[in-house]
Structures are given as C-alpha cells and as structure tokens.
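Heads up: the structure comes next, in structure tokens.
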Amino acid sequence: MTSSLIIIVSLLSCLTHAVTHPPTLFEDHEFHDGPWIVIERLDHPDTFRQLDEILPTPDELRLASGAPGPEYWQQQVDYDIKVRLDEATRTLHGQERITYHNNSPHELRYLWLQLDQNRFRRDSLANRSTSSPDFTQDQSLRSMRQHLELKEWEGGCDIHRVALSDGSDLEFTVVDTVMRIELPKPLASEAVFTFDVDWSHPVVRNTTRRARSSYELFDDGHAIYEIAQWFPRLCPYTDGDGWQNKAFLGSSEFATEFGDYTVAITVPETHVVASTGVLANSDEVLSQRQRTRLTESMTAQEPVLIITPEEALANEERVSDGNRTWVFDAEDVRDFAWASSPTFAWDAWGVAIPGSDRVTLAMSYFPVEGEPLWSRYSTQSVAHALEMYSHFTIPYPYPVAISVNGPVGGMEYPMICFNGPRPEDDGTYTQRTKYGLIGVIIHEVGHNWFPMIINSDERQWTWMDEGLTTFIQYLAQEVWEDDYPSRRGEPQNIVRYMMSENQRPIMSHGESIIQRGNNAYAKPATALNILRETVLGREQFDYAMREFSRRWAFKRPEPADFFRTMEDASGTDLDWFWRSWFYSTDHVDVSVE
Ligand SMILES: [Zn+2]
C-alpha cells in the first residue's frame, strides 16, 4: 500500500465520521456507525490537524527537532551495596551507600527513594486497588493456594537506618512505595550528597505472588532466586515531572537514574550468581577450569559451557560450606538485578557487536529442567538480539548480556533478563515452547535499549519501552527464520483489536490502558511496521530510528522527542500519523461496492 492510499483511506474514515456524527471540538468520545465501536480521541476530530496543541512547547532543554538541547540535564546516582541472602528465612539483608549528584539547576530540600517491595505490604495501594476474586465462581487450585499462602506471608521493605556517612541519623518518612529523606541542609545545584541505608525484606515465592522478583522452590529443596527491584533506589527527579511520585502498583514498571554500581552479593557457597555488571573477583568464586572456559568462550565459534548440566547436578548435591561473596561492578546503568542458585548450568559466547569493536559475552544460566532447550537456543537468541538491536539502533555498549531461567516469565534489567519457558519433564518441547523461548529472550534482551539505555519513563508510558522493543523484536524474528510465527507486528494480527470496544489511545498513562498487550505492545509495533514499510520506506525509517537512539542513548526521552525526531530525521511531516495511531483509537474503515 502506498502513502497516498493511506491518506485516501484515512480521509474516507474521517468522512464517515462526519456523516454519522458531526464532529465537535474537543469531544472525548464519538459513536461511529452504531453502538459497537467507541472511537476515543484525546483532543481533536480533524485527522490531519498538526499536533501543535498536544506536544509540549520546545525549549533549549528539549529542542523542536526532538533532540536534547544545550540545557539538558539529568541526575546521577551511584550505589555501593552489600547484600546477603539468608536462605533459611528467604530474606535479603542490605547495606548501601548512595551518592546523589544533583545535576539539576534546582536546590533540593529532600530526596525520594523507591521501595518497590512495599507493594507486598497488606495495606499497600497496590493491594487496596486490586479487586478480590469472585468466590461465587470456581477458583483454580493455583489461585486458592495463592490465597492461602498470602494469609501467612507479607512482604515489604524494612528500613533499619538512614544515616549520613559520619553515622548520624537522617529522618525519613515512608509513603506506600516511596520514602522521603530529609536533608540536613538544602542540596544546591551541582552538589553531591552521600548517605547510607540499611534495610531487609523477604523474597516472595513465585507461587504466592506473581512478581518480577521471586524464588522458585524445587521438590528436592533447591531454589532459584531472581532478584530485582530489591534495594531502595532513588526516584527520578526530572525536567518534565519533578520527583516521580507515581506509586508502584505492580503493572507499570519503573523509572530510575543512571549511575555506577559496586555490589557485593553474599550467598551460600554452592550458589552460582548471575548479575548485571562484570564479575570483579572471579579468582575467588570461580574454579581455574571455569575461568579457562570463560576465556575460551570469548573467541569460540559457538557457546561454551562454563558449568555443564552434569556439573550443575553434582554441585547442587554438595552441602554449602558457609557463604561466599560475589562482587560485580557496573557502569552507567539505570538499575541492577541478579540471580542465584546452586542449580545453574552456565554457557557463554563472545559476540562481535555490529558497528563497534566491542565483543560482548552473551551468557545463559539455567537448571537441568531447562534442558535441552536452553543450551540449544538461549545464548543463540541473546546473540541474535545483540546483533539485531545494535543494527537498528546503536551498538550495544555493555560487556555482558545474560538470560536466566527461573520463576519469572519474562522481565528485563540492564545486562540481565529472566525468561521462563522450559521443556516438558521428559525434555521434549513443542514448537510453541521453542519459539516462545526464542521470542521472549529476543524481547527481553532488546529491552537493554528501550528503556535501559534510551531511558524512557516506563511508569508513565508503557508503549515507549514495550512498543519499540516489540517492533524490533518483530524485525529480528523475521531475520531469525522465514515465516517465524510472530504474534505481534503484522497488521493482519491486530484487526480484531483495532475494531474492538474499550480501547484507549496508545498515548495513555500506563495504569490507564486496557488490553495492555495489544495497546502497548502490538499496536505500536504494528504502527511502526506500517510507518517503515508503507509511509517512510525502510531507508528513511531506519535512518530516523537510529538517530532517535543515538540522540537519546543514556538520556531520558519523552514521547514528543520520539515523534519530533522521526519527523526531523526523515524529513517527513508525520503529525497525521501520530495523531491517528497514537492519540486516537481510530481505525481504517473502507469497503468496495
Ligand atoms: Zn517487554
């Protein structure tokens, strides 16, 4: 389809509205051709009107071109964390030193920290805003078990102490999932403030609550811990929103600042730890044989097993001889996550990153329950994602990229992601499981770009990380093999959704969207696919997408920065496209008689 046909089609759609229901300025809802479809628009019925009133006024911080301007600023927060996993109580105990760099032009009188684990308090806003199940209907065994376990278990982050580095206490106030710290004196622009926080919290079991961080217990008593959103970390303070003050309700993800991390993770001696960052004490925690294999994997032709499945089985049978501390360093990351288990097999493979001279180690950690699927496809999928996203955006800037199998179905953090699919107990698997694993790994590794490097606010705009990631995931799957069974990205897969009731425009707050998978993943991925194939053409689209990624790498783009950059770099007015695809629930409606 050509762009002129799209315009004609959009015009026809517009005309139908005009005939059935005369448009009124700033009307929220229009009923179109009877009661079965609700068209929702954010402001204006003219399909081709420019977005002038909708987009924020550009300034020297965020330019009209969509680029960051000369006055652009963002905060930096560095963390030095010591954390211990107590397996007997499944609890994390942490001590952290936080260094806050106030790069804003403003004086700050207090700091806000995020305590995501407080979502699991009984009286959390997340719990109080969740509907209870309908017990007049049948309940699944899983759901009943969950409710019984929740009677016994309560999560939440206990803050033991907040103090200056000289030891004197600082006052703090917890408000649901955030905590305000009173500064001894206002923090001037360009000043740096260092303070300590001691805390602990129980790790939730995956059968008790579906969570982005949890542990899985096997029948033999061994566990896999996937640990994320686990330490008190600064809320972002930004030019657009001031302090981020949207509570963590469990659905919309998070926004954070970039910083450098040193994290010392103490776990039982039999555990193997996978983590954001580079292992700084490999000579203390890895055997000579493991270190040799790791070196070989950098230049190998295929993934090299650092711990074989047989070695993993032998390891988990040992009795832990006390604890061991793994130390990781990570630079310029917006978060930090890790996983720990005595069950892990581990493979690694050096991947030459397109467009740079970097070799990144693609790695996977998995229990034997993941075999043979995981050693066949996980690290291969990580490598493919590294190559594809580097090609379509900017070269991957980090030294490692890790995929871990455990209790979490699919979740991303800088340099590490958690992916759930496993074969049946006898090791066989369906095509659906195989492609499900490859797809989820490509997707979660892809999140390293959106939003881990191109740092959009996930709490606010789900589509900016999920939509952009899903779009390039679709392109990557097309390259993986012909006729890859992609769920999202093809226009034909989204027709039913586009005609369905109860939609919200893509440009809706993350907690307000309905039909989340279609709204924030499939529709933006399909829109960008059409923009690339039909409106701009691949050459202009890819140029603009790379320019957006280059401009906003390690910075914080807003939606308008994306819309403006795509127009600015492609030399094409796309206001009409953003208006209909992102700011309304309009759909094409034509027939030939
Ligand atoms: Zn995602």
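The values are calculated or read from the model by the stated rules, or taken from the named source; none is laboratory data. Everything numeric in this text was worked out from a predicted model, so none of it was measured. FYI the Cβ positions are ideal-geometry reconstructions off the backbone, even for glycines, and counts take in every protein chain you see. Remember, those area values only see protein heavy atoms, side chains included, never the ligands or the DNA or RNA. Shrake-Rupley method; radii C 1.70, N 1.55, O 1.52, S 1.80 Å.
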Please calculate how many Å² of accessible area the range 536-593 carries per residue, with a 1.4 Å probe and no DNA, RNA or ligand atoms counted.
40
What number comes out for accessible area per residue over the range 73-247 if the probe is 1.4 Å? Units Å², please.
48
Within-12-Å neighbourhood charge of Tyr474 [Cβ basis; K, R +1; D, E -1]
0
Sulfur and carbon atoms: percent of accessible area, the chain [1.4 Å]:
50
In whole Å, how far is the Cα centre of the range 372-435 from that of the range 551-593?
30
Going by average Cβ density within 10 Å per residue, which order do the peptides 420-428, 233-241, 135-143 take, highest to lowest?
233-241, 420-428, 135-143
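Gain in length, Glu152 to Val278, computed as 0.36 nm per residue apart minus the alpha-carbon separation, to one decimal in nm?
Numbers: separation 126, 0.36 × 126 = 45.36 nm, distance 3.79 nm.
41.6 nm is the gain from fully extending Glu152 to Val278.
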May I ask for log10 I(q)/I(0) of the range 73-247 at q = 0.10, 0.16 Å⁻¹, from a Debye sum over the Cα atoms as equal point scatterers with solvent left out?
-0.47, -1.00
Sort 491-502, 61-72, 562-573, 89-100 by packing, meaning the average of other beta carbons within 10 Å per residue, with the highest value first.
562-573, 89-100, 61-72, 491-502
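Given the Cα-Cα distance of Phe218 and Asp166 and 0.36 nm per residue of separation, how much length would full extension add, in nm?
Values: separation 52, 0.36 × 52 = 18.72 nm, distance 4.43 nm.
Extra length available between Phe218 and Asp166 comes to 14.3 nm.
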Exposure of Glu107 as accessible area (Å², to 10), given a probe of 1.4 Å and all protein chains
120
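Please pull out the direction-averaged projected area of the range 73-124, using the convex hull of its alpha-carbon atoms, in nm² to one decimal place. Spell out each step's value before the answer.
Working: hull surface 21.9 nm².
Average of the hull's projected areas for the range 73-124 equals 5.5 nm².
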Per DSSP H run of at least 4 residues, take -39500 (n - 2.57); add these up for the chain, divide by its residues and hand me the 222 nm value, nearest 500 deg cm²/dmol.
-8000 deg cm²/dmol
From the Cα centre of the range 269-303 to that of the range 178-209, the distance in Å is 32
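With a 1.4 Å probe and all protein chains in place, put Lys555, Lys185 in order of accessible area, largest first.
Correct descending sequence by accessible area is Lys185, Lys555.
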Computed over the range 258-446, the distribution of all Cα-Cα distances in 5 Å bins, rounded to whole %, is 1, 8, 16, 22, 22, 17, 9, 4, 1, 0
At a 10 angstrom cut-off on C-beta neighbours, averaged per residue, how do the peptides 521-533, 46-58 rank from highest to lowest?
521-533, 46-58
Relative to the longest principal axis of the C-alpha atoms of the chain, give the angle of the C-alpha long axis of helix 431-446, reported between 0 and 90° and rounded to the nearest 10°.
90
Given all pairs of distinct Cα atoms, the range 420-502 yields a Kirkwood Rh in Å of 14.4
Take every DSSP beta bridge with both residues inside the range 258-446 and express the antiparallel ones as a percent of the total, to the nearest 5.
75
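In square nanometres and to one decimal, what's the mean projected area of the convex hull around the Cα atoms of the range 509-593? Before the final figure, lay out each step's value.
Numbers: hull surface 28.0 nm².
For the range 509-593, the mean projected area of the Cα convex hull comes to 7.0 nm².
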Dipole in debye (nearest 20) - the chain, about Cα centre, beta carbon charges: Lys, Arg +1; Asp, Glu -1
480
Going toward the positive end of the dipole of the chain, with +1 on Lys and Arg Cβ and -1 on Asp and Glu Cβ, which of Thr256, Pro485, Gln431 do you reach last?
Gln431
For the range 376-457, Kirkwood radius (reciprocal of mean inverse C-alpha pair distance, Å)
13.0
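Given that compact globular proteins tend to follow 2.2 N^0.38 Å, what is the ratio of the alpha-carbon Rg of the chain to that value?
Rg over 2.2 N^0.38 Å, computed on Cα atoms: 0.99.
Give, rounded to the nearest 20 debye, the magnitude of the charge dipole that the range 73-247 has about its Cα centre when Lys and Arg contribute +1 at Cβ and Asp and Glu contribute -1 at Cβ. Write down the numbers at each step before the final one.
Working: 21 positive and 28 negative charges, 86 e Å.
It comes to approximately 420 debye.
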Just name one of Leu170, Thr136, Phe193: the one whose Cα is farthest towards the positive end of the charge dipole of the range 125-204 (beta-carbon charges, Lys/Arg +1, Asp/Glu -1).
Thr136
For a Förster distance of 22 Å, can you work out the FRET efficiency between the beta-carbons of Arg209 and Arg180, rounded to the nearest 0.05?
0.25
Summed over the other residues with a beta carbon less than 14 angstrom from that of Pro354, with K and R at +1 and D and E at -1, the charge totals -1
Counted charge near Gly277, where neighbours are those whose Cβ lies closer than 10 Å (Asp, Glu -1; Lys, Arg +1):
-3
